[in-house]
Amino acid sequence: MRKQNLLLFIFLLFVIQSWAWTQQATKTITPEMVVDLTYVTSVAMDPKGHYIAYTVSKQRKPEDPPGHRYSELWVANITTGELRQFTFAPMNASSPAWSPDGKKIAFLSKRKAYDEDTEVYVINVDGGEARQLTHAHNSVRSFRWSPDGQWIAYVVTDPKTEEEKKAEKAGRDWEVVDAKYRHHRLWALNLNTKKAHQVVKEDVSVWSFEWSPDSKQLLVQASPTPKTDDSYMFKQLYTVPVEGGELKKLTETKGKLGTMAWSPDGKWIAFLGGVDRSDPSLGGLFVVPATGGEKKNLLVDYEGTPAWLDWLDNRTIAFTAVEATSYTFNSINVNGGEIKRLWDGNTGFARVSFSKDRKKFACARSTAKFPNELFWGKLRSKKLTRLTHSNPELEKLRLADQEEIRWKARDGLEITGLLMKPLNYEKGKRYPLIVQVHGGPESAYVNVWNTYYSRWTQLLAARGYVVFMPNYRASTGRGVKYAKADHKDMGGKEFDDVIDGIQHLIDMGLVDKDRVGIGGWSYGGYFSAWAATRHTEYFKAAVMGAGISNWVSFMGTTDIPYEEAYVHWDLWCYDNPELCWDRSPLAHINQAKTPLMIVHGQKDPRVPVSQGWEMYTAYHIKGLPTEFVLYPREPHGLRERAHQLDFLKRSLEWFDRYVKGEAGTH
């Protein structure tokens, strides 16, 4: 009898476990899960390669006051795998950096709820209380520890003067545009004397900087004004002594600038930058003598886009890059020549942090099945070890696979992108399609995690859609020529690439041509509005997130007019208003039939909310199906949890209603 009861118990246990496994296997991702994901952001390996300081981006709880996500500081022991939390929300911590002796970690934080300014703090690796290092009396934007451990250099924006505060209080707070700037100043704090001084005296704004190996100089990227446009288009490279003095221009640069680094012996400087003024991204990897002179591009005709660099030794530069739909990890000699792979295949990471001997590195890595997690590896072994599992619930979900897809454009050019099939995909069956368009256009879809509040890929696949992510011409990852392929042709051949990609999916027997939608943010929002008017015959629904409706009015109201003119259009719309108006979604409103949802942050300086109003007014007057959603306090991207969740749900329901023909429930 006991034996029979035992067998019955085992059988029931098996049934229950099987049922639980089945329930688990059928569970899919939800909008709430997406906005509440936790992921690793910045990482810093200690000089000896034993520990990694890293920050974790964590969503606020629904009951918390509205605001940005929280950022917490952690330290991982790569030998034991132990993870120790050093700071706790709501006190944010960011930008961790090790002291040269590896005993302390510095970071940016507001340590008290009533603190108005972000300052640099330091904490012992063994734990204890954090100690404030800087007293900048305005928020510190960035900092670097000198190699000899004697200095902290940092950038802080000019505070308001007492006179300005009094005038503001009295209501005399008018602004004369471009009459006066609050510059971003470079300072240095001597950790022995506890005294700080301003390093750069000129009226320029410093955006980034790096120490020389001997801790005597700083390499600086500075622009004439603190305008966002200047930070993109008009920075130059300079060196300056740590004690202060005149800026010395390192070399003449045109266009954008990115990561930079001194060689270990201090003789060379490497940096990423545009190959010319109209390069939309960072198409070149340059070296120049540290004393100044002519720069040399090591990546001429490279069919990729570098993303980050550092020196492996005095003659070798390591760099990551986007190549088509992959991240790659490479090296090249200071004299140029063959690019060598440091890692095989799609790495899933865009930058690394090395140990001092360059034998180990840490990175934040993602795949199509999980967002950024903490990994470490050895260059020689080419093996990565995962240290964090920030979202264990993802491992219990059914998630769709993501694959690269290639097709020929009508002019014969090969285009790449990503494809995600529905979770319950059956071969031979046609499915509704959503085109998820990236912004920029200097950006690219890489085969990593692509599901966020403004990218709905896994959510759409779970609802039975095919998801198509095209890297149309003008995307990064295919070289400078490809990135420039839309100059003087915005919305032209680049959008034909999207149409040709859709047709390719139809010809494959995968997509129902009568059930196609499109959505995106920023330039992806422009593409969506362009699809809804100029190419309305192809699309049943569109979602325009912070998109452009009128290129002529946009160029006069955005905070980046020079970037738009130089690297996007390669012309001023004032010089060719006919072309710019013709490529505006508003110009084709009379033929529009596609239902269009318009969403915008009310504090957006990049694509002002007036662009959304222009589109909505035209749609409303024409009696076309539309919805205009405004999110208070939001800039060019949604930051508050409630807004992100609302946008996600509205977008999914908009597609279900107009692409699938289902009733919405929002």
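The values are calculated or read from the model by the stated rules, or taken from the named source; none is laboratory data. Because the structure is predicted, anything quoted here is derived from the model rather than measured. Positions of Cβ are generated from backbone atoms using ideal geometry, with glycine treated the same way; all protein chains shown enter the neighbour counts.
A residue that is under 30 Å from Asp46 (Cα atoms) and of a type in the set (Ser, Thr, Tyr) occurs nowhere in segment 217-232. Assess whether Val322 counts as being crowded, with 18+ Cβ neighbours inside 10 Å and within 29 Å of Asn471 (Cβ to Cβ). Here the answer is yes, as Val322 does meet what is asked.
Every listed requirement among (1) under 12 Å from Ile548 (Cβ atoms); (2) in contact with a helix residue (DSSP H, G or I) (Cβ under 7 Å, 6 or more places away or on another chain) is met by Gly612 save one, (2). Is it fair to say Val220 is modelled with pLDDT of 95 or more and in contact with a Phe, Trp or Tyr (Cβ under 8 Å, 6 or more places away or on another chain)? Yes; evaluated as a whole, the condition is true for this residue. Scanning segment 330-347 for residues that are free of Cβ contacts under 8 Å to residues at least 40 places away in the same chain and not in a loop (DSSP other than H, G, I, E, B) gives Asn330, Ser331, Asn333, Lys340, Arg341. Pairs only if they're at least six apart or on different chains, beta carbon under 8 angstrom, first in segment 215-244 and within 20 Å of Leu282 (Cβ to Cβ), second part of a helix (DSSP H, G or I) and charged (D, E, K, R); list them, first residue then second. Hits for this filter: Ser223/Asp230; Asp229/Glu563; Tyr232/Glu563; Met233/Glu563. Scanning segment 621-631 for any residue that is outside the structural domain of Leu282 (by TED's automatic domain parsing), more than 24 Å from the chain's Cα centre (by Cα) and at positive phi turns up at least one such residue. Look at segment 521-548: where a residue is outside the structural domain of His643 (by TED's automatic domain parsing), no partner that is outside any helix (DSSP H, G or I) and surrounded by 24 or more Cβ atoms within 10 Å (Cβ to Cβ) sits 6+ places away or on another chain with Cβ atoms under 6 Å.
When you check Ile506 against the structure, is it in contact with a strand residue (DSSP E or B) (Cβ under 8 Å, 6 or more places away or on another chain), surrounded by fewer than 21 Cβ atoms within 10 Å (Cβ to Cβ) and not acidic (Asp, Glu), yes or no? Criteria met by Ile506. Test Arg380 against the stated conditions and say whether it is over 24 Å from Val288 (Cα atoms), at pLDDT below 95 and surrounded by fewer than 21 Cβ atoms within 10 Å (Cβ to Cβ). For Arg380, the condition - over 24 Å from Val288 (Cα atoms), at pLDDT below 95 and surrounded by fewer than 21 Cβ atoms within 10 Å (Cβ to Cβ) - is met. Counting only residues that are in contact (Cβ under 8 Å) with a residue 12 or more places away in the chain and either in the same structural domain as Val300 (by TED's automatic domain parsing) or more than 30 Å from Gly283 (Cβ to Cβ) (or both), segment 478-505 holds 1 of them. Looking only at residues of segment 98-129 that are of a type in the set (Gly, Ala, Ser) and surrounded by 20 or more Cβ atoms within 10 Å (Cβ to Cβ), we find that the one that is farthest from Gly266 (Cα to Cα) is Ser109.
Regarding segment 443-466, can at least one residue be identified that is outside the structural domain of Ser278 (by TED's automatic domain parsing) and over 30 Å from Glu373 (Cα atoms)? No; the residues of segment 443-466 include none that is outside the structural domain of Ser278 (by TED's automatic domain parsing) and over 30 Å from Glu373 (Cα atoms).
Across segment 583-595, a minimum of one residue is classified as of a type in the set (S, T, N, Q), at pLDDT 95 or above, farther than 15 Å from Thr557 by Cα and in a helix (DSSP H, G or I).
Of all positions in segment 645-660, none carries a residue that is among the β-branched types (Val, Ile, Thr), within 23 Å of the chain's Cα centre (by Cα) and crowded, with 22+ Cβ neighbours inside 10 Å. Listed by position, the strands (runs of 3 or more DSSP E) contained in segment 1-116 that have at least 2 residues being at pLDDT below 95, more than 26 Å from the chain's Cα centre (by Cα) and farther than 29 Å from Leu397 by Cβ form an empty set.
Counted as qualifying within segment 241-294 are the strands (runs of 3 or more DSSP E) with 2 or more residues that are of a type in the set (A, V, I, L, M, F, W, C) and closer than 30 Å to Tyr523 by Cβ, namely 257-262, 268-273, 284-289. Being in a helix (DSSP H, G or I) and either touching a Lys or Arg at 6+ places or on another chain (Cβ under 9 Å) or among the β-branched types (Val, Ile, Thr) (or both) holds for only one residue in Gln503, Gln436, and it is Gln503.
Of Trp207, Trp211, Trp187, all but one fail to be touching a helix residue (DSSP H, G or I) at 6+ places or on another chain (Cβ under 8 Å) and surrounded by 13 or more Cβ atoms within 10 Å (Cβ to Cβ); the exception is Trp207.
Determine whether Glu373 is charged (D, E, K, R) and not in a helix (DSSP H, G or I). Against the criterion (charged (D, E, K, R) and not in a helix (DSSP H, G or I)), Glu373 qualifies.
Listed by position, the strands (runs of 3 or more DSSP E) contained in segment 378-429 that have at least 3 residues being free of Cβ contacts under 8 Å to residues at least 24 places away in the same chain and over 21 Å from Tyr445 (Cβ atoms) are 383-386.
Here Ile589 meets the list (1) crowded, with 17+ Cβ neighbours inside 10 Å; (2) within 29 Å of Gln644 (Cα to Cα); (3) out of contact with any Ser or Thr (no Cβ under 9 Å at 6 or more places or on another chain) almost entirely, failing just condition (3).
Residues in segment 472-493 that are more than 22 Å from the chain's Cα centre (by Cα) and assigned to a helix (DSSP H, G or I) were compared, and the one that is surrounded by the fewest Cβ atoms within 10 Å (Cβ to Cβ) is Lys481.
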